[in-house]
1. Among the residues of the stretch 45-59, is there at least one that is surrounded by 13 or more Cβ atoms within 10 Å (Cβ to Cβ), within 21 Å of the chain's Cα centre (by Cα), at pLDDT 90 or above and on the phi < 0 side of the Ramachandran plot?
2. For the stretch 338-360, which positions are part of a helix (DSSP H, G or I) and surrounded by fewer than 23 Cβ atoms within 10 Å (Cβ to Cβ)?
3. Any residue at all in the stretch 285-300 that's under 23 Å from GLY187 (Cα atoms), out of contact with any Pro (no Cβ under 7 Å at 6 or more places or on another chain), hydrophobic (A, V, I, L, M, F, W, C) and touching a residue at least 24 places away in the same chain (Cβ under 8 Å)?
4. Output the number of residues of the stretch 245-266 satisfying the condition of being in a helix (DSSP H, G or I) and either of a type outside the set (Gly, Ala, Ser) or touching a strand residue (DSSP E or B) at 6+ places or on another chain (Cβ under 6 Å) (or both).
5. Go through the stretch 189-241 and give me each residue that's surrounded by 11 or more Cβ atoms within 10 Å (Cβ to Cβ), touching a Leu at 6+ places or on another chain (Cβ under 9 Å) and at pLDDT 70 or above.
6. Given the conditions (1) within 23 Å of TYR357 (Cβ to Cβ); (2) touching a helix residue (DSSP H, G or I) at 6+ places or on another chain (Cβ under 8 Å); (3) surrounded by 13 or more Cβ atoms within 10 Å (Cβ to Cβ), which single one is not true for ALA80?
7. Taking the criterion of being over 28 Å from LEU373 (Cβ atoms), among the β-branched types (Val, Ile, Thr) and touching a residue at least 24 places away in the same chain (Cβ under 8 Å), would at least one residue in the stretch 144-159 satisfy it?
Amino acid sequence: MSTCSLKPTKAKNDKIYVGNFDYTILFTVILLVMFGIIMIFSASSYVASTRSEYGYDMFLFLKKQTFAVILGFFVMFFMANFNYRNLQKFSLPLYLLANGLLIFVFLFGVVKKGAKRWINLPLVGSFQPSELAKVAIILFISYIIANNKNILKTMSGHIFCGFFLGITVVLIAVANLSTAIIVTLIGCGIIFIASPYTAVFVTLGLCGSGALVSYIAFFSKGFRGARFAAWLDPFSDPTNTGYQIIQSLYAVASGGMFGLGLGQSRQKLGFIPEAHNDIIFSIICEELGFFGATIILLLFAILIWRGIKVAINATDLFGTLVATGIVVMIASQVIINIAVVTNSIPNTGVPLPFISYGGTSVAIVMMLMGILLNISKYSKE
């Protein structure tokens, strides 16, 4: 197996066209972010205005998310004009920084709602290092493969890539299994695209999924086991473990075809806990109905489609793999979030990109969109 080169790869295509951004991606991101701000205000205003812990400020979550979005736009446009090939030299330092912050969280992190996932930063406030780890894995795994073209032709090469992915996944999984799953999907998605051994991945994926489900179903204790039981029959414990998913299903069902109207949700009036967070899609269904929810899904489908096109037309392997990682992250989070809201899979805390409340999440995902926009400037077409 060849050692990891320190010299970033360069595109070898004879005909490289440098043009404008993919404006479809840009406008889709803007629409999703603006819609997210509106829905966060709609979902959070009542609870924020009636509870002392939020200072009776109905605009509290709106102001915080708006600040994060403004920061996200600055970062997105900066990255859109920063040549993505130069990111290779920062991939290893970023990987080390992300893992260092994950260790710091484990030792000195801030506990919120029973979970230790955040650190406090001056001026910024709460920061979630696991979100930064997504960027680190996308860039570093892509860097390793792009600078060692034959690394995935051997099993030892797969193990080499899996080792670095596994370190980050384990550090995240200590306190945040759902994000660990997303990071695993990102890393495996990048390796899958670059690997010639498709059958191996399918076999390992099925075995891994079966092992995870078996562990949660038969051996896991505490809240993870309770969540699995609530998924099988939420009405067996309607006031505790099954409460959130029952209220979510009520919201989805009451929305009907065209919804109750923007701001008219009943389930957000204290029935759904943290309605502006990971479960916000249920409020979208209740207020805008099946029609509104379909429009949002179409926007995500357009974003994923354009992201795939960017990956295919990238001028070098590094660009292709980075774009692939970004697409896998967006697609997996959307699928898992909506599956949780509709009780298709056990409840797990995965935010809906651009829409769920969370400053770190929206800023990081917008930064990745900036990288995707920059890759889209360089095309083989």
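1. Taking the stretch 45-59 as the starting set, the residues that turn out to be surrounded by 13 or more Cβ atoms within 10 Å (Cβ to Cβ) are 45-49, 51, 54, 57-59.
Within this subset, residues satisfying the condition of being within 21 Å of the chain's Cα centre (by Cα) are none.
Taking every residue of the stretch 45-59 in turn, none turns out to be surrounded by 13 or more Cβ atoms within 10 Å (Cβ to Cβ), within 21 Å of the chain's Cα centre (by Cα), at pLDDT 90 or above and on the phi < 0 side of the Ramachandran plot.
2. Applying the first criterion (part of a helix (DSSP H, G or I)) to the stretch 338-360 yields 338-341, 359-360.
Scanning the stretch 338-360 gives ILE338, ALA339, GLY359, THR360.
3. First, the residues of the stretch 285-300 that are under 23 Å from GLY187 (Cα atoms): 300.
Next, only the ones that are out of contact with any Pro (no Cβ under 7 Å at 6 or more places or on another chain) stay: 300.
Restricting the remaining residues to those that are hydrophobic (A, V, I, L, M, F, W, C) gives 300.
If we keep only those that are touching a residue at least 24 places away in the same chain (Cβ under 8 Å) too, we end up with 300.
Checked the stretch 285-300: at least one residue is under 23 Å from GLY187 (Cα atoms), out of contact with any Pro (no Cβ under 7 Å at 6 or more places or on another chain), hydrophobic (A, V, I, L, M, F, W, C) and touching a residue at least 24 places away in the same chain (Cβ under 8 Å).
4. Let us first name the residues in the stretch 245-266 that are in a helix (DSSP H, G or I), namely 245-255.
Those still in the list that are either of a type outside the set (Gly, Ala, Ser) or touching a strand residue (DSSP E or B) at 6+ places or on another chain (Cβ under 6 Å) (or both) too: 245-247, 249-250, 252.
So the answer is 6.
5. If the condition is that a residue be surrounded by 11 or more Cβ atoms within 10 Å (Cβ to Cβ), touching a Leu at 6+ places or on another chain (Cβ under 9 Å) and at pLDDT 70 or above, then ILE190, ILE191, ILE193, ALA194, SER195, TYR197, PRO234 are the ones that fit.
6. Among (1) within 23 Å of TYR357 (Cβ to Cβ); (2) touching a helix residue (DSSP H, G or I) at 6+ places or on another chain (Cβ under 8 Å); (3) surrounded by 13 or more Cβ atoms within 10 Å (Cβ to Cβ), ALA80 violates only (1).
7. yes
The rows are residues; the columns are (1) surrounded by fewer than 24 Cβ atoms within 10 Å (Cβ to Cβ); (2) modelled with pLDDT of 95 or more; (3) more than 24 Å from ILE25 (Cα to Cα).
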| position | (1), (2), (3) |
| --- | --- |
| GLY255 | no, no, yes |
| LEU262 | yes, no, yes |
| GLY270 | yes, no, yes |
| PRO273 | yes, no, yes |
| PHE300 | yes, yes, no |
| ASN313 | yes, no, no |
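The values are calculated or read from the model by the stated rules, or taken from the named source; none is laboratory data. Keep in mind that what you see is a predicted model, and the values were worked out from it rather than measured. Quick reminder, even Gly has a Cβ in these numbers, built from the backbone with ideal geometry, and neighbours come from all protein chains shown.
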